[in-house]
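Quick note: the coordinates plus some simple rules give every number you see, no bench work behind them. Note that the coordinates shown come from a computational prediction; the quantities given were computed from them, not determined experimentally. As a convention, Cβ positions derive from the backbone with ideal geometry for all residues, glycine included, and neighbour counts pool all protein chains shown.
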Amino acid sequence: VIRGRRPALVLLLAVVIVGAPPVRAHDAPRLDDEFIKGVFSPSFVPPPPGSYELPVVAKVGSFVLRDTTGRRVSTSAVMSGKVAVVSFIYTACADRLGCPLASTALRELQTRLRDEGLGGEAVLLTISFDAARDTPAQLAKYASAFGADPALWRFMTAPDARVLDDLLRSYGQDRAPVYDERGRFTGRYRHVLKVFLVDRGGRIRNVYSTGFLVPQVVVNDIKTVLGP
Amino acid sequence: MKRTLVLIAVILLAAGAAGADETCQSPFLPKVTGQEDYIYVWTLGIKGVADGNDSLVTVDANPSSANYGKIVHRAPVRGQHEAHHAGFTDDRRQLWAGGLDSSLIFVFDVATDPARPRLVKTITTFVKDTGGLVGPHTFYALPGRMLISALSNSKDSGGRTGLAEYTNDGKFIRTISMPAEAPYGYDVRVNINLNRMLTSSFSGKKNYMRPVGELLKDAEAMKQFGDSVVVWDFHARKPLQILRVPGAPLELRWALLPNHHYAFTSTALTGQLVLIYRRDDGTWATKNIAEIGNTIPVDISIAPDDSKIYVNSYGDGTLRVYDVTNPHEGKLIQQMKLGEQANMVSTSWDGTRVYATSSLLSQWDKPGDHWLKGFAWEGGQLVSKFTTDFSGVGRAHIMNFGAKSFGPRAEGTPSRVAGRPAVR
């Protein structure tokens with residue numbers, strides 16, 4: 001349960017502030033607390049930190065991207081010495097149960113990291129895969145809408161398609177543009193929502209998707225990766 | 001109820017959204033929620049039939065197509081490997097298909113042209129990678145990786161085995177051994193809302209690659225079958241409880257509605273439909289809920305609203321439908337003779353279409369025709385829609401659904417192929 005908050009309202013507010021395009025009725029079911037509750041409080045208690053293994057899935061590369069001020073920053077610099085929770089979104093995502101929902105979960109994760117004193121050990125990094133429309137300014141608005149603390153939660157966008165393709169390939173994040181019947185790009189992407197837990201050595205140790213992007217699970221995994 | 005079903009469909013779709021039948025696919029996989037366009041059939045190659053190779057056969061499954069019910073493509077691999085099960089990666093771009101004999105894994109690209117899957121990789125190191133697992137069976141998508149249950153081991157070809165994980169691009173991650181008290185393996189399925197994973201149990205290579213006539217006469221060999229379902233902590237990949245389910249429990253199917261904390265299996269050797277359910281104290285128990293009979297039930301499929309279980313039996317070639325609205329009591333509501341034998345049965349995501357295939361194992365198949373059959377619910381009855389004859393390509397085994405919408409072409413635009421992503 002998201003402690004004392006109204007996640008649906010937060011989400012709605014975020015969508016309004018960022019100005020994401022309206023969602024078509026057939027693919028936009030009413031977002032209600034029942035669903036949010038199902039995603040954030042599944043019927044299990046996560047296993048205690050350190051009681052299980054998170055083997056290395058893959059090593060990821062470093063990429064020079066732009067942050068919300070437009071500065072060129074490498075992902076390795078942002079992630080240096082920290083466990084990183086890396087997510088891929090685009091701010092125009094029309095599927096409120098996709099990117100906005102993930103960002104809501106990350107917002108909760110940010111709070112928990114602070115509460116558990118992990119602010120110096122972990123960083124959240126959200127990267128847009130819509131480099132054309134997600135300018136630094138647009139990402140800044142999105143970050144603000146989700147209450148991102150720049151010290152803990154960074155947003156970045158790729159300078160060009162080549163860097164973006166290399167980045168997505170390195171993480172194994174799929175993304176396909178959706179076209180309409182006349183072959184025009186709709187502005188939407190089909191993608192499977194994935195969030196990656198990357199250790200201090202730049203190695204993916206877990207991959208989450210909606211359904212178990214549960215803040216306490218991620219916190220326990222971060223502690224597991226950090227070790228005793 | 002309808003609103004709940006819609007909600008669940010949406011949840012699973014969004015969950016990275018939403019097994020061989022569509023209703024048993026991994027919760028981490030996007031689903032074909034409407035009309036499937038294709039059925040990919042992992043098909044045993046038979047000497048003297050076509051080139052004799054195992055192949056991934058595409059059958060057109062869209063009633064609006066001129067090729068409805070016809071084979072429209074065949075992607076052969078080199079040799080015969082005991083083609084058995086297959087499953088998609090979490091992005092539904094690849095279909096991994098296993099050989100129970102050779103332990104090779106064939107990776108097909110099904111996204112570039114969904115009608116024409118293309119072999120893009122063969123993993124030849126499964127036995128070595130995994131420390132001796134043999135017979136890759138279930139291919140189950142997890143975020144960014146594939147979870148694979150095995151049937152056997154390289155040391156004695158018996159039933160002691162385990163699970164393996166690989167990245168989506170085919171790199172080995174880890175092996176998880178089955179517990180010593182329940183060493184056999186078969187199927188694996190996850191309920192993410194409960195953080196529980198179930199595994200079932202069959203038999204080792206020295207049994208499944210043996211002619212069935214011989215095997216049945218060998219009393220010692222017939223003792224070498226699994227009798228357990230293991231309940232695991234999925235996140236920790238640790239076994240929590242071993243449930244004794246005598247008679248080789250095979251396919252596992254979780255109920256889909258979020259407040260339904262149970263699953264089903266069937267036992268091949270004892271002919272039972274079995275409920276696996278969570279008790280109030282959080283532990284798990286089983287109950288036989290229907291006597292299927294001495295028919296060697298093999299595959300099962302669950303309706304999307306958890307109201308029905310479909311059971312295909314190898315022994316009498318019959319499809320049976322059980323009402324499991326009350327999961328503690330299975331009621332036989334329909335049965336239909338499909339052929340001399342039957343194996344897989346698959347339900348569409350909307351529950352209105354059902355498909356079945358014939359082949360079980362190369363050494364166990366009876367003489368006779370091999371086919372894929374399509375049915376639809378009409379007026380409360382399952383009605384035959386088509387039969388696809390496999391006599392020209394091999395023996396039809398597992399089915400996975402494909403859709404044009406998972407390909408690169410524009411929605412509703414057959415000619416345009418998307419090139420680079422629309423980033424300018």
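Counting only residues that are within 14 Å of chain B (Cβ to nearest Cβ), closer than 18 Å to A:Lys141 by Cβ and part of a loop (DSSP other than H, G, I, E, B), how many does the stretch A:46-90 have?
Residues meeting the conditions: 1.
From the list B:Thr130, B:Thr161, B:Thr138, B:Thr58, which one is touching a strand residue (DSSP E or B) at 6+ places or on another chain (Cβ under 6 Å), within 14 Å of chain A (Cβ to nearest Cβ), among the β-branched types (Val, Ile, Thr) and surrounded by 17 or more Cβ atoms within 10 Å (Cβ to Cβ)?
Just one listed residue meets the conditions, B:Thr130.
Quick one: in the stretch B:207-246, which of the residues that are of a type in the set (S, T, N, Q) and in a strand (DSSP E or B) is surrounded by the fewest Cβ atoms within 10 Å (Cβ to Cβ)?
The residue in question is B:Gln241.
Failed condition for B:Ala180, given (1) within 14 Å of chain A (Cβ to nearest Cβ); (2) part of a loop (DSSP other than H, G, I, E, B), with all others met?
Here B:Ala180 meets the rest and fails (1).
Could you grab me the full set of residues in the stretch A:167-181 that are at the interface with chain B (Cβ under 7 Å from one of its Cβ atoms) and either among the polar types (S, T, N, Q) or over 30 Å from A:Ala58 (Cβ atoms) (or both)?
Correct list: A:Tyr179, A:Asp180, A:Glu181.
On the basis of being within 14 Å of another protein chain (Cβ to nearest Cβ), out of contact with any His (no Cβ under 7 Å at 6 or more places or on another chain) and either in a strand (DSSP E or B) or surrounded by fewer than 22 Cβ atoms within 10 Å (Cβ to Cβ) (or both), does B:Asp90 make the cut?
Here the answer is no, as B:Asp90 does not meet what is asked.
Quick one: in the stretch A:134-165, which of the residues that are surrounded by fewer than 21 Cβ atoms within 10 Å (Cβ to Cβ) and among the polar types (S, T, N, Q) is farthest from the other protein chains (Cβ to nearest Cβ)?
Restricting to residues being surrounded by fewer than 21 Cβ atoms within 10 Å (Cβ to Cβ) and among the polar types (S, T, N, Q), the top hit is A:Ser144.
Restricting to the stretch B:164-195, name every residue that is of a type in the set (Lys, Arg) and surrounded by 24 or more Cβ atoms within 10 Å (Cβ to Cβ).
If the condition is that a residue be of a type in the set (Lys, Arg) and surrounded by 24 or more Cβ atoms within 10 Å (Cβ to Cβ), then B:Arg189 is the only one that fits.
Among the residues in the stretch A:107-126, are any among the small types (Gly, Ala, Ser) and over 28 Å from A:Pro49 (Cα atoms)?
The answer is no, given that none of the residues of the stretch A:107-126 is among the small types (Gly, Ala, Ser) and over 28 Å from A:Pro49 (Cα atoms).
So which residues in the stretch B:146-156 are part of a loop (DSSP other than H, G, I, E, B) and under 27 Å from B:Leu95 (Cβ atoms), if there are any at all?
B:Ser154
Within the stretch B:277-315, can you find the residues that are in contact with a Leu (Cβ under 9 Å, 6 or more places away or on another chain) and of a type in the set (Phe, Trp, Tyr)?
B:Trp284, B:Tyr310, B:Tyr314
In the stretch B:263-298, which residue that is closer than 13 Å to B:Val245 by Cα and among the polar types (S, T, N, Q) is surrounded by the fewest Cβ atoms within 10 Å (Cβ to Cβ)?
B:Asn288
Taking the stretch B:103-127, which residues are part of a loop (DSSP other than H, G, I, E, B) and crowded, with 19+ Cβ neighbours inside 10 Å?
B:Ser103, B:Leu104, B:Val110, B:Ala111, B:Pro114, B:Pro117
Could you give me the residue pairs with C-beta distances under 7 Å whose first residue belongs to the stretch A:120-133 and is within 14 Å of another protein chain (Cβ to nearest Cβ), whose second residue is among the basic types (Lys, Arg) and surrounded by fewer than 23 Cβ atoms within 10 Å (Cβ to Cβ) wherever it lies, and which are 6+ apart or on separate chains?
Here the result reads A:Phe129/A:Arg175; A:Ala132/B:Arg424, each pair linking the stretch A:120-133 to a residue that is among the basic types (Lys, Arg) and surrounded by fewer than 23 Cβ atoms within 10 Å (Cβ to Cβ).
Out of A:Arg175, A:Arg162, A:Arg203, A:Arg190, report the one residue that is charged (D, E, K, R) and in contact with a Phe, Trp or Tyr (Cβ under 8 Å, 6 or more places away or on another chain).
Only one candidate qualifies: A:Arg175.
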